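The values are calculated or read from the model by the stated rules, or taken from the named source; none is laboratory data. None of these values were measured; they are calculated from a predicted model. When we count neighbours, we look across all protein chains shown, and the Cβ atoms used for this are built from the backbone with ideal geometry, even at glycine. Just so you know, the surface numbers come from the protein's heavy atoms only, side chains and all, with ligands and any DNA or RNA stripped out. Shrake-Rupley method; radii C 1.70, N 1.55, O 1.52, S 1.80 Å.
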Amino acid sequence: MSGARLLGIHHDAVIFLAEQLPGAQRCQHYKFRYHQQGEGQEEPPLNPHGAARAEVYLRKCTFDMFNFLASQHRVLPEGATCDEEEDEVQLRSTRRATSLELPMAMRFRHLKKTSKEAVGVYRSAIHGRGLFCKRNIDAGEMVIEYSGIVIRSVLTDKREKFYDGKGIGCYMFRMDDFDVVDATMHGNAARFINHSCEPNCFSRVIHVEGQKHIVIFALRRILRGEELTYDYKFPIEDASNKLPCNCGAKRCRRFLN
């Protein structure tokens with residue numbers, strides 16, 4: 001009986017394990033069967049932290065808590081090509097409360113309670129995340145309020161630089177010459193509405209109980225599953241500061257500003 005047979009090296013399982021032993025690569029006259037040893041193969045460098053578990057984990061965007069909203073696994077609401085019979089009493093009352101028949105203050109108070117069941121944030125083909133209809137919306141109907149913290153317009157540049165330094169996306173909406181709504185940290189789903197050169201919504205500043213609010217209205221009838229868009233109306237800039245537009249509309253202006 002040979003020595004290799006005595007040690008059981010003729011078995012495939014034993015050979016598989018023996019070829020992994022420390023120093024096996026020094027066997028110059030042995031032909032490896034399972035673990036080929038390259039000529040001049042160097043050992044991997046030592047980890048300066050000692051182990052991979054001790055390394056500091058760095059995220060791509062530390063403050064972006066809404067990455068899951070753009071996940072491809074979140075299914076969009078099924079589109080509706082025709083008018084559907086809506087038998088739910090609550091849904092019919094919602095449309096009446098946000099239609100043109102009631103005063104603006106009553107419509108706005110009801111909007112804050114029912115906007116979540118009308119719209120939702122999903123993955124957008126225009127840019128990142130977008131706001132989509134979860135039910136049919138009539139023309140002129142209140143869709144959602146653009147909420148946030150009202151700040152003075154002179155503070156916008158300072159806040160924008162702070163957000164850029166932290167790697168946070170900036171969401172601001174100018175209300176007038178003096179006030180701006182900052183929805184970056186304290187906003188709602190309205191901040192995810194994308195721009196379009198042929199929008200289906202428009203924004204309007206309304207006064208309710210002595211306070212100003214930015215509300216998004218439906219410009220036309222919007223079917224379920226359609227993305228909500230409005231015109232950002234950015235001021236015209238020179239060629240070096242142009243922002244490309246990805247709305248895909250037939251009459252796209254190619255730039256946002």
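5 Å is the cut-off here: which amide hydrogens, built 1.01 Å from N in the peptide plane, fall below it relative to residue 229, excluding neighbours closer than 5 in sequence?
Amide H neighbours of residue 229: 200, 201.
Within region 1-33, which chymotrypsin sites (Phe, Trp or Tyr not before Pro) sit in a loop by DSSP and count at most 15 neighbouring Cβ atoms inside 10 Å?
Working: sites: 16, 30, 32; in loops: 30, 32.
Of the chymotrypsin sites (Phe, Trp or Tyr not before Pro), the ones in loops of region 1-33 whose Cβ has at most 15 other Cβ atoms within 10 Å are 30, 32.
Leaving ligands, DNA and RNA out of it, rank 242, 161 by accessible area with a 1.4 Å probe, largest first.
Working: 242 65, 161 155 Å².
So, going from the largest accessible area down, we get 161, 242.
If the only charges are +1 at each Lys and Arg Cβ and -1 at each Asp and Glu Cβ, what is the size of the charge dipole of region 1-46 around the Cα centre, to the nearest 20 debye?
Numbers: 4 positive and 5 negative charges, 55 e Å.
Dipole about the Cα centre, nearest 20: 260 debye.
Can you give me the distance in nm between label points at residue 126 and residue 160, each placed 7 Å from the Cα along the Cα-to-Cβ direction?
2.0
Quick one: which residues, 5+ away or cross-chain, put their amide H under 5 Å from the amide H of residue 119? H built at 1.01 Å from N.
134
When the convex hull of the Cα atoms of region 1-46 is projected onto a plane and the area is averaged over all directions, what value comes out in nm²? Intermediate results must be reported in sequence, preceding the final value.
Numbers: hull surface 15.7 nm².
So the mean shadow area of the Cα hull is 3.9 nm².
Got a number for the accessible area of residue 138? Probe 1.4 Å, square angstrom, nearest 10.
Number for this one is 50 Å².
Given a 1.4 Å probe and every protein chain left where it sits, what share in percent of the accessible area of region 138-193 is carbon and sulfur?
Numbers: 1540 of 2930 Å².
Looking at region 138-193 in its full context, I get 53 percent from C and S.
Could you tally the net charge around residue 180, taking each other residue with its Cβ under 11 Å from the Cβ of residue 180, Lys/Arg +1 and Asp/Glu -1?
On the way: positive: 152, 159, 174; negative: 157, 160, 176, 177, 179, 182.
After counting each charged neighbour, the total is -3.
Given a 1.4 Å probe and heavy atoms of the protein chains only, how would you sort 9, 168, 216, largest accessible area at the top?
On the way: 9 65, 168 25, 216 0 Å².
Output order, biggest surface exposure first: 9, 168, 216.
Which order do 116, 166, 250, 212 take when ranked by solvent-accessible area (1.4 Å probe, heavy atoms of all protein chains), largest first?
So, going from the largest accessible area down, we get 250, 116, 166, 212.
For region 1-46, report the accessible area per residue in Å² (1.4 Å probe, heavy atoms, rounded to an integer). Write out the running numbers ahead of the final one.
Working: 4440 Å² over 46 residues.
Ligands and nucleic acids excluded, the result is 97 Å² per residue.
Checking the a/c ratio against 1.5 first, then a/b against b/c, what shape does the Cα gyration tensor give for region 127-257? Display every interim value, and only then the final one.
Numbers: a/c = 1.69, a/b = 1.15, b/c = 1.46.
It comes out oblate by the Cα gyration axes.
Which residue, chosen from 11, 28, 45, occupies the Cα position most advanced towards the positive end of the dipole of region 1-46, where the dipole is computed from +1 (Lys, Arg) and -1 (Asp, Glu) charges on Cβ about the Cα centre?
Of the options given, the answer is 11.
Starting from the Cα-Cα distance between residue 31 and residue 52, subtract it from 0.36 nm times their residue separation and give me the gain in nm to one decimal. Mind dumping the intermediate values first?
Numbers: separation 21, 0.36 × 21 = 7.56 nm, distance 3.31 nm.
In short, 4.3 nm is gained.
Using +1 at the Cβ of each Lys and Arg and -1 at the Cβ of each Asp and Glu in region 132-257, identify which of 195, 234, 142 lies farthest towards the dipole's positive end.
About the Cα centre, the residue reaching furthest to the positive side is 195.
Given a Förster radius of 30 Å and the C-beta distance between residue 149 and residue 177 as r, what FRET efficiency does 1/(1 + (r/R0)^6) yield to the nearest 0.05?
Details: r = 18 Å, r/R0 = 0.60.
The pair residue 149/residue 177 has a calculated efficiency of 0.95.
Heavy-atom accessible area of residue 204 with all protein chains present, probe 1.4 Å, nearest 10 Å²?
120
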